[in-house]
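**Q** Take this structure first; my questions come after.
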Ligand code: HAM
């Protein structure tokens, strides 16, 4: 038997209802906030990601599905959307006629990571990006959108962590100070962190090693290196979240795994997830447009892992898991000769918007009734020789077990939902 690729998953027919329900929520919430969907190809020229996410990030270093195509071009399956979206916005001049460009997306993404619970090699993200405003109000709009979506999905037990990485000059000052501190404690650091200290010192703050954590505990905090502009930006974000009554925790060690961020960064975490506890994250990325060859354009956004959202819903809010009724009406025939009548009636019901099933195995009435129960059908219509002669059928409500005979001509007046 040929198996699927490690770290990928089939979404099976009895799971798809839950996906559709989340997709409906993505649609609803983004419409409420005035965001429009953008779809881009699932692969891009490799430089779209290598020039934006950062040479010394895990994603670019170890996790990209990159290959040379038959034309000799290096292409990469998208590991995230922000860089691809910025490429598309620049290429299609989408910012030209709007003061703020509000976009959202949903689709598959690819990272060659070690698979575990909530960590896949092909996973799905839903995300939104607000482009052109340099002000903290747009950071807050993005966080409120994400928060609204989480609540609409029925998740109430989660934590929002926020931090600021400041503007370029605050961050450069901080990086220097952090590097000095980490270098003086280098001997206590793990091998991974020693390497990161040379390549990307901020990422040491993200280390999961217990020894590293001891060193990190006393590391300088970015919050002590903010200039007025950076501090004001962060203060407005915090006070607007307070006004909106969105609880958050300030985590001065939150740096995120992609290099394009400045000012506000944030992550949503849930205890229902285990080791991979972040189910969404984002932040401001004012430098990314110019890095990818566009004009300097401020922007902020976030993305959520759909598989992780589903894990939380299954673990902490099982009542939210959709139990789909598979059919409104199952048509039961007393014998095979009546199948053509069953097909005629089922087509009429489907045109009226009811999902309708006929037996395809020429089974006994008893077996057809069993199938009606198995499919969780709301009604069944029983077609018998005598009734058909009277141009009538019997409708049975499967919840109340009540039966009525009705003329076929009047079937269109009945509600089966
Ligand atoms: P990210 O934190 O790398 O950010 O990914 C966002 C979310 O995608 C994570 O919180 C997680 O739920 C999900 N995710 C990431 N990797 C995996 C994986 N291997 N398996 C399952 N789920 C995963 C970004 O991608 C940024 N582009 C977010 C952003 C948008 N920043 C600004 N705008």
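**Q** Based on what the data block shows, is residue 147 assigned by TED's automatic domain parsing to the domain that holds residue 48, surrounded by 18 or more Cβ atoms within 10 Å (Cβ to Cβ) and more than 11 Å from the ligand (Cβ to nearest atom)?
**A** The answer is yes for residue 147.
**Q** Hey, can you tell me all the residues within segment 120-139 that are away from the ligand (no atom under 13 Å from the Cβ) and surrounded by fewer than 22 Cβ atoms within 10 Å (Cβ to Cβ)?
**A** 132, 133, 134, 135, 137
**Q** Sticking with this structure for a sec: For segment 62-90, how many residues meet the condition of being outside any helix (DSSP H, G or I) and under 22 Å from residue 296 (Cβ atoms)?
**A** Final tally of qualifying residues: 2.
**Q** Go through segment 172-208 residue by residue and tally those that are more than 19 Å from residue 256 (Cα to Cα) and outside any helix (DSSP H, G or I).
**A** The number of residues fulfilling the criteria is 3.
**Q** Could you tell me how many of the residues in segment 84-101 are within 15 Å of the ligand (Cβ to nearest atom), in contact with a strand residue (DSSP E or B) (Cβ under 8 Å, 6 or more places away or on another chain) and touching a residue at least 40 places away in the same chain (Cβ under 8 Å)?
**A** 5
**Q** Among 115, 108, 79, which is the only one that is more than 30 Å from residue 138 (Cβ to Cβ) and within 12 Å of the ligand (Cβ to nearest atom)?
**A** Every option except 115 fails the conditions.
**Q** Only residues that are at pLDDT below 95 and more than 9 Å from the ligand (Cβ to nearest atom): list them for segment 274-286, please.
**A** If the condition is that a residue be at pLDDT below 95 and more than 9 Å from the ligand (Cβ to nearest atom), then 274, 275, 277 are the ones that fit.
**Q** Looking at (1) in contact with a helix residue (DSSP H, G or I) (Cβ under 7 Å, 6 or more places away or on another chain); (2) assigned to a helix (DSSP H, G or I), which is the only condition residue 169 fails?
**A** All conditions are met except number (1).
**Q** Within segment 28-49, track down each residue that is within 15 Å of the ligand (Cβ to nearest atom) and closer than 15 Å to residue 110 by Cα.
**A** Scanning segment 28-49 gives 40, 42, 44, 48, 49.
**Q** Please give the helices (runs of 4 or more DSSP H) falling wholly within segment 287-398 in which 3 or more residues are in the same structural domain as residue 120 (by TED's automatic domain parsing) and within 16 Å of the ligand (Cβ to nearest atom).
**A** 288-291, 306-316
**Q** Now for a different question. Identify the single condition in (1) part of a helix (DSSP H, G or I); (2) within 11 Å of the ligand (Cβ to nearest atom); (3) at pLDDT 95 or above that residue 59 does not satisfy, given that it satisfies every other one.
**A** It is condition (3) that residue 59 fails.
**Q** List every residue pair whose Cβ atoms sit under 6 Å apart, with the two residues 6 or more apart in sequence or on different chains, where the first one lies in segment 352-367 and is loosely packed, with under 13 Cβ neighbours inside 10 Å and the second, anywhere, is in a helix (DSSP H, G or I).
**A** Filtered contacts from segment 352-367: 362/336.
**Q** Looking at (1) within 16 Å of the ligand (Cβ to nearest atom); (2) over 28 Å from residue 30 (Cβ atoms), which is the one condition that is false for residue 167?
**A** (1)
**Q** Would you say residue 162 is in the same structural domain as residue 272 (by TED's automatic domain parsing) and crowded, with 20+ Cβ neighbours inside 10 Å?
**A** yes
The values are calculated or read from the model by the stated rules, or taken from the named source; none is laboratory data. All values reported here derive from a predicted model rather than from experimental measurement. Glycine gets a Cβ as well: all are built from the backbone with ideal geometry, and neighbour counts include every protein chain shown.
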